[in-house]
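Just so it is clear, none of the values below were taken in a lab; they were calculated from the coordinates. None of the values given here were measured: they were computed from a predicted structure. Ideal geometry is used to build each Cβ from the backbone, glycine not excepted, and the neighbour counts take in all protein chains shown.
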There are 2 protein chains.
Amino acid sequence: MTSTAQIDPKLDLVLERYIDVSPEMVWTAWTDPEHLKQWFTPAPWKTVDCEIDLRPGGKFHTVMQSPEGQKFPNAGCYLEVVPNRRLTFTSALGPGFRPAAPAGADSKECAEILFTAIVTMEPKGKGCRYHVVAMHGEEGSRKRHEEMGFHEGWGAALDQLVALMQKS
Amino acid sequence: MTSTAQIDPKLDLVLERYIDVSPEMVWTAWTDPEHLKQWFTPAPWKTVDCEIDLRPGGKFHTVMQSPEGQKFPNAGCYLEVVPNRRLTFTSALGPGFRPAAPAGADSKECAEILFTAIVTMEPKGKGCRYHVVAMHGEEGSRKRHEEMGFHEGWGAALDQLVALMQKS
């Protein structure tokens, strides 16, 4: 396993936490759709659909739903699958590595943010070091992602992941 | 080895040829920079620089030069590396899987075309079946790539690859 992440503060967003959940449990939370739907989106938002084809080039698709019932699909594919250690996926490519269709003019209200996320989980004591880097191709994308609430959102989702897996 | 390509005629461009060059020789032509520079760009254009970090997420960078001396860099990364059988790379992601920076308004003269290429080489007789699929995220990209001369360009480059490797 080699880490391919070269973190660039201008382009990247990082979340790092030490949690009392084993790497194996974190892996299950990320790769089993029934688990993922229970923690992936901070309440009162929900993840109402999830498709996972766990291999490089395989589909990673989720649908988030706002409290008002509006649905927001997120399509992407996996790039690296290292069981219990690292999961890399991107919204810049869809299933089979096909480049994502550019957002049309009519999708302005939900401005597309292309990013690649590298989620790593390393054993540490009884739990693990949980580390996410979201890499963008330009500073504007990083800023929009940050303003949309990257840290709060991924942090709150992680709290839900921890709570879910601790009662599993 | 599983093929991840789902060919869509609206979005994809395909080149298929049976050539008298072994899969191993085709692999060398594609993955050794000194070989690649000799065949990759149809004359009188040249490939004047080439960097290859042959692993998923690794850099694939070339610089093409027009007969007038203008340089056109192409940055991307590898997605799948299956020695002597399949090489997949994309211009939608750069090294480390980072999404490509969007083309700026000042780069209109060389409109960016995001695509993922899957190059496969299968043993056939003394040579191989050589197959390339270039996948795009929208029909407009496929059309622009076709109008730029995808078939003529990749075909002429392949003629150069065959000539080079047959004298090796």
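Listing for the model above:
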| read-out | value |
| --- | --- |
| The range A:1-63-the range A:125-168 distance, computed between alpha-carbon centres (Å) | 8 |
| Karplus (6.51, -1.76, 1.60) ³J(HN,Hα), θ = phi - 60°, over the range A:119-127, in Hz, Gly and Pro reported as x | 9, 10, 9, 10, x, 7, x, 7, x |
| Nearest-0.05 FRET efficiency for B:GLN6 and A:TYR18, computed from C-beta distance (R0 41 Å) | 0.50 |
| 5 angstrom amide H check on A:GLY127, placed H, neighbours 5+ away | none |
| Counted charge near A:LEU36, where neighbours are those whose Cβ lies closer than 11 Å (Asp, Glu -1; Lys, Arg +1) | -3 |
| Most mobile of A:ALA101, A:ALA92, A:ALA156 in a GNM of chain A (Cα contacts under 10 Å) | A:ALA101 |
| Residue order, fewest to most surrounding Cβ atoms within 10 angstrom, among A:LYS126, A:LYS59 | A:LYS126, A:LYS59 |
| FRET E, pair A:PHE72, B:PHE72, Förster distance 41 Å, beta-carbon r, rounded to 0.05 | 0.65 |
| Lys pairs under 23 Å by Cα in the range B:10-168, provided they are eight or more residues apart or on distinct chains | 14 |
| Segments B:66-72, A:143-149, A:131-137, B:21-27 sorted - mean Cβ within 10 Å per residue, highest first | A:131-137, B:21-27, A:143-149, B:66-72 |
| Long-range amide H partners of B:ALA100 with built H, under 5 Å | B:LEU93, B:GLY94 |
| Average beta-carbon neighbours from other chains, 10 Å sphere, peptide A:57-65 | 1 |
| Peptide B:90-96, shielding by other chains (average Cβ, 10 Å cutoff) | 6 |
| Overall Cα dimensions of the protein assembly as shown - principal axes, largest extent first, Å | 66, 40, 34 |
